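K.L.:
Take this structure, written in structure tokens, and hold onto it; I'll ask about it next.
The values are calculated or read from the model by the stated rules, or taken from the named source; none is laboratory data. These numbers were taken from a predicted model, which means no experiment stands behind them. Reconstructed Cβ throughout: ideal geometry from the backbone, glycine too, with neighbour counts over all protein chains shown. Note: areas computed on protein heavy atoms with side chains; ligands, DNA, RNA excluded. Shrake-Rupley method; radii C 1.70, N 1.55, O 1.52, S 1.80 Å.
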There are 2 protein chains.
Amino acid sequence: MTRNSPPDVGQKIKALRTQEKLTLDGLAKMSGVSKSMLSQIERGLTNPTLGTLWSLTQSLGIDIASLLDDSESAGDTAPEITVTKAYETPEIQSADGLCALRILGPIDLVSKTEWYDMRLEAGGCLDSEGHASGTTEHLTVLEGVLNVRIGGKVQTIEAGDTARYQADVPHKIENKGQNQARALMLVLAP
Amino acid sequence: MTRNSPPDVGQKIKALRTQEKLTLDGLAKMSGVSKSMLSQIERGLTNPTLGTLWSLTQSLGIDIASLLDDSESAGDTAPEITVTKAYETPEIQSADGLCALRILGPIDLVSKTEWYDMRLEAGGCLDSEGHASGTTEHLTVLEGVLNVRIGGKVQTIEAGDTARYQADVPHKIENKGQNQARALMLVLAP
DNA sequence: GGCTTTGGTTCACTATATTGAATTTTTTGC
DNA sequence: GCAAAAAATTCAATATAGTGAACCAAAGCC
């Protein structure tokens, strides 16, 4: 469900102000926004300007984006633990069968974060097109040795090492060694 | 470094509009904001009202909070691979030495995403206070068996399984088994 | 009781965000 | 090249966000 009117910043600001034990006057002084304006904003009977909101958030020590963020104060969903069993975990295999990816992230999620348990047989490789601009990839090798190739560059990653790189251009992960390799791969969208 | 003036919404809006192949006129019509206003906002020579920003974000199909969010659109850093060697990877140990966390995420990053390679000796446990509201944790067991305890609930997680839960309340991860356990832990802020 | 102080709301005025029409600039066709 | 069309910018007028002072209400304090 999505809102059809601007978020009610008034309430939030008032809450924050009282939380800080600030008087209407006090916040007015330190933010440079007039007391009367503040009063009206808090009661929702005016339509504040980006500039004044900015001043207020600065004095309240919060991020302006978070002020407008409608993720209501703490979902009150009862503490729940959901378990994805090993056999339920989705797995992708490459055509040659040398590369397998187990998707560890939640499926439902239109997430900005994806992560995988990757297994590469000797000689296997994972070829990726570029993802969305700004995406970074983090590859931690758990067992074996891997090469990361991106643009002209190549890097060798051994067990325990982590490689980080921009994933918005084509890149390649190869297992040039004699043994199976296993790694954790994290893809972070901006 | 924090900004000392409101975020430049103009540029962002223009970028979004052109991305959608919308004309100034077009967006004006569908949002109800006048064409002239739009033009001025995009060029940053006015201080728009929360209301008008709301209308615009609605028509552009984005969240108003994200509009004000200053996570710059994609650094154009040249393709680089940075490697954190195993011995450079920061490791945290519990007082009793039964629990060790290797921090796999980048250090610099004031990231919304943190992840760890966790090792729990038999009998060891990791006690967490609640993180920021809305935070979720994803725990994939690589070896051994672990218990997750949160509120009154307990869940047993075996090798290959993944547990997901709200991490904004105190929670506990225990190794009740006879053998060392190893797991991957991901903490996602909202 | 009345006097003072403190936190908040209303009021009259000013500054400016917003508008619709006119104008300029850019694009597209011939 | 020049016209016609489309897109973006200026301009004068209006609505309203923002201000400071006056006003009201409640809480000390003598």
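K.L.:
Name, by its number, the condition in (1) among the aliphatic types (A, V, I, L, M); (2) farther than 28 Å from A:Tyr165 by Cβ; (3) open to solvent by 10 Å² or more (accessible area, probe 1.4 Å); (4) within 8 Å of chain A (Cβ to nearest Cβ) that does not hold for B:Val148.
P.N.:
For B:Val148, the failing item is (3).
K.L.:
Which one of the conditions (1) open to solvent by less than 20 Å² (accessible area, probe 1.4 Å); (2) at pLDDT 85 or above; (3) hydroxyl-bearing (Ser, Thr, Tyr) does B:Thr89 fail to meet, given that it meets all the rest?
P.N.:
Condition (2) is where B:Thr89 drops out.
K.L.:
Follow-up. Somewhere in region B:161-178, is a residue facing chain A (nearest Cβ under 9 Å), modelled with pLDDT under 85 and in contact with a helix residue (DSSP H, G or I) (Cβ under 9 Å, 6 or more places away or on another chain)?
P.N.:
yes
K.L.:
If you check B:Arg102, B:Arg164, B:Arg119, which single one turns out to be under 23 Å from B:Lys85 (Cα atoms), surrounded by 21 or more Cβ atoms within 10 Å (Cβ to Cβ) and in contact (Cβ under 8 Å) with a residue 12 or more places away in the chain?
P.N.:
B:Arg119
K.L.:
Out of region A:1-50, which residues are more than 12 Å from every other protein chain (Cβ to nearest Cβ) and in a loop (DSSP other than H, G, I, E, B)?
P.N.:
Correct list: A:Met1, A:Glu20, A:Lys21, A:Leu22, A:Thr23, A:Gly32, A:Val33, A:Ser34, A:Arg43, A:Leu45.
K.L.:
Do we find that A:Leu38 is at pLDDT 85 or above, closer than 26 Å to B:Leu56 by Cβ, within 11 Å of DNA strand D (Cβ to nearest atom) and loosely packed, with under 14 Cβ neighbours inside 10 Å in this structure?
P.N.:
So A:Leu38 fails the test.
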